[in-house]
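Worksheet: one structure, shown below.
The values are calculated or read from the model by the stated rules, or taken from the named source; none is laboratory data. Model, not experiment: these values are computed from the prediction. Cβ: placed from backbone, ideal geometry, glycine included. Neighbour counts: every protein chain shown.
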Amino acid sequence: MAYFTVKGGKKLHGSIAVSSGKNGTIAILCASLMVRGGFVVLKDVDRVTEVLRLLQLFEGIGVIHKWLNNTTLHVEIPQRLNIENIDKKLCASMRISLLFLGALAKFEKQYKIYKTGGCHLGKRSVAPHLFALEKYGVSATSHDSYYEVKNRPLKAAHVVMYESGDTTTENAIMGAVLAKGVTTIKMASANYMVQDLCHFLVAAGAKISGIGTTTLTITGVTNLHSVEEYCVTPDPIDAMAFISLAITTNSSLTITGCPIEFLELELEKLRVMGQKFTLKNKRKAKNNKTNLVDIKITPSKLTASADKIYGRPFPGLNLDNLPFFIPIATKAKGKTLIHDWAFENRALYGLEFQKLGAKTMLLDIHRLLVEGPTTLVGNELICVPAIRPSMALLVAVIAAKGESTLRNIYPIERAYINLVPRLQAIGVDIQRIED
């Protein structure tokens, strides 16, 4: 099993570009299953493990894909999928296969979807997905290892989201796009991957208004058409990882291509804590929808936030960005309270930073207290079974003086592409070693 070795505690320099969003790519790929008898060409697709595994799942049900270059993907969707041939084990290992519920609602009268895994972040119920989809005519019966899904002819509905989750909203959107009539979805997530999905669906012929708000109006269409080109939006979570890295290593670093609308509150929290940064080169992303900037981080003396730092649905501080405040808090004078209310287990992962010398205290399963400033010192660590907390650990390892080993790096590689050369280019002394 691969691992990282790091000689940390060094100042970093230069610039690093933000990669495209894994979560947006996954949602768009699942939505491509609705383009029956057509094709989709996606640009700026990172070949992260999660994407490659989804494409492998697609192969089993008859979807053909080929890479036109390193980041351009051509996906050809047959008129009929062989959903009965779905790889049970692979499906069960990927929580994102739940997006099949919305994507297949129009086309498959009855099929099985296997109960799923993914990041270990506590109890995450499937019920909110079904509360929305059942209003269109989708039903699912739970069995020991799978759900038996039955779809009636889709009809539009008034949907109030039981919870404003990203994948639940994506399922509700996909179910509505081909449903007869006009659907209203209230209390929808407006997060970056949801907006990316909506822009893609509009490019395929969907009629969606209210994109970027919590109320969506969707007029059903008969079918979706091929998409000759769609560029996936850069990932704000990728951007936040490198913002955290620059701050924790006390470096002057520029992060280019940051989707600013999804980072504004994070930056405001940092500004109040004393962090200096500048925004420059404002422009549109390749999809001509998302606003991008370059963010230059300047070494600063931080003071702990007087208020707790917590995540909430967009336009709040992104829940996936919360772990990156842990290494930042180790450099801030005082005590920072990080409240991870959404997941039962994730605050527990904050204790792993103690192995590097961080002063972290678990108040309960949702609240972590971080005292700083502290000098982080290298050690041997094991990644936790979740993507963003594992990446936050790597940030701390890079900032820690001396040599460190970070093992079980699979969670990181699920979402981050070409990470070692990207980090080496800004001065990180890191190696990836196959055990």
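Could you please find all residues in region 290-318 being modelled with pLDDT under 95 and either among the aliphatic types (A, V, I, L, M) or touching a His at 6+ places or on another chain (Cβ under 6 Å) (or both)?
Of everything in region 290-318, just one residue is modelled with pLDDT under 95 and either among the aliphatic types (A, V, I, L, M) or touching a His at 6+ places or on another chain (Cβ under 6 Å) (or both), namely 306.
How about region 61-100: which of its residues are in contact with a helix residue (DSSP H, G or I) (Cβ under 7 Å, 6 or more places away or on another chain) and at pLDDT 95 or above?
61, 65, 75, 77
Identify, from the list 394, 337, the residue that is modelled with pLDDT of 95 or more, under 22 Å from residue 409 (Cβ atoms) and assigned by TED's automatic domain parsing to the domain that holds residue 415.
394
Quick check on this structure: which one of 358, 342, 332 is of a type in the set (A, V, I, L, M, F, W, C), modelled with pLDDT under 95 and either touching a Cys at 6+ places or on another chain (Cβ under 7 Å) or not assigned by TED's automatic domain parsing to the domain that holds residue 165 (or both)? I'd like the intermediate steps shown before the answer.
Working: 358 fails: modelled with pLDDT under 95; 332 fails: modelled with pLDDT under 95.
Of the residues listed, the single one that is of a type in the set (A, V, I, L, M, F, W, C), modelled with pLDDT under 95 and either touching a Cys at 6+ places or on another chain (Cβ under 7 Å) or not assigned by TED's automatic domain parsing to the domain that holds residue 165 (or both) is 342.
Restricting to region 29-44, give me the number of residues that are under 16 Å from residue 175 (Cβ atoms) and more than 20 Å from the chain's Cα centre (by Cα).
4
On the basis of being modelled with pLDDT of 95 or more, touching an Asp or Glu at 6+ places or on another chain (Cβ under 8 Å), buried (at least 22 other Cβ atoms within 10 Å of the Cβ) and not aromatic (Phe, Trp, Tyr), does residue 243 make the cut?
Taking the combined requirement at face value, the residue satisfies it.
Looking at 256, 213, which is the one that is part of a strand (DSSP E or B), modelled with pLDDT of 95 or more, farther than 24 Å from residue 106 by Cβ and of a type outside the set (A, V, I, L, M, F, W, C)?
256
How many of the residues making up region 32-53 are in a helix (DSSP H, G or I) and out of contact with any helix residue (DSSP H, G or I) (no Cβ under 6 Å at 6 or more places or on another chain)?
Looking only at that region, the number is 3.
Any chance you could count how many residues in region 212-244 are without any contact (Cβ under 8 Å) to a residue 60 or more places away in the chain and under 27 Å from residue 295 (Cα atoms)?
Total satisfying the criteria: 2.
So which residues in region 144-165 are touching a residue at least 60 places away in the same chain (Cβ under 8 Å) and crowded, with 20+ Cβ neighbours inside 10 Å? I'd like the intermediate steps shown before the answer.
So in region 144-165, the residues touching a residue at least 60 places away in the same chain (Cβ under 8 Å) come out as 154, 156, 164.
Of everything in region 144-165, just one residue is touching a residue at least 60 places away in the same chain (Cβ under 8 Å) and crowded, with 20+ Cβ neighbours inside 10 Å, namely 154.
Please state which of the following conditions residue 296 fails to meet, knowing it meets all the rest: (1) part of a strand (DSSP E or B); (2) under 25 Å from residue 257 (Cβ atoms); (3) touching a Gly at 6+ places or on another chain (Cβ under 8 Å); (4) not small (Gly, Ala, Ser).
Failing condition for residue 296: (3).
With 351, 393, 369, 381 as the choices, which residue is closer than 30 Å to residue 53 by Cα, without any contact (Cβ under 8 Å) to a residue 40 or more places away in the chain and not in a loop (DSSP other than H, G, I, E, B)?
Criteria check complete, one pass: 381.
Looking for whichever is in contact (Cβ under 8 Å) with a residue 60 or more places away in the chain and not assigned by TED's automatic domain parsing to the domain that holds residue 421 here; the options are 28, 64. Which one fits?
Testing whether each residue is in contact (Cβ under 8 Å) with a residue 60 or more places away in the chain and not assigned by TED's automatic domain parsing to the domain that holds residue 421 leaves just 28.
Restricting the search to region 139-198, which residues are closer than 28 Å to residue 311 by Cα, in contact with a His (Cβ under 9 Å, 6 or more places away or on another chain) and outside any loop (DSSP other than H, G, I, E, B)?
Those that are closer than 28 Å to residue 311 by Cα, in contact with a His (Cβ under 9 Å, 6 or more places away or on another chain) and outside any loop (DSSP other than H, G, I, E, B): 167, 168, 171, 172, 184, 185, 186.
So residue 194 passes all but one of these: (1) of a type in the set (A, V, I, L, M); (2) without any contact (Cβ under 8 Å) to a residue 40 or more places away in the chain; (3) touching a helix residue (DSSP H, G or I) at 6+ places or on another chain (Cβ under 6 Å). Which condition number does it fail?
All conditions pass for residue 194, except number (2).
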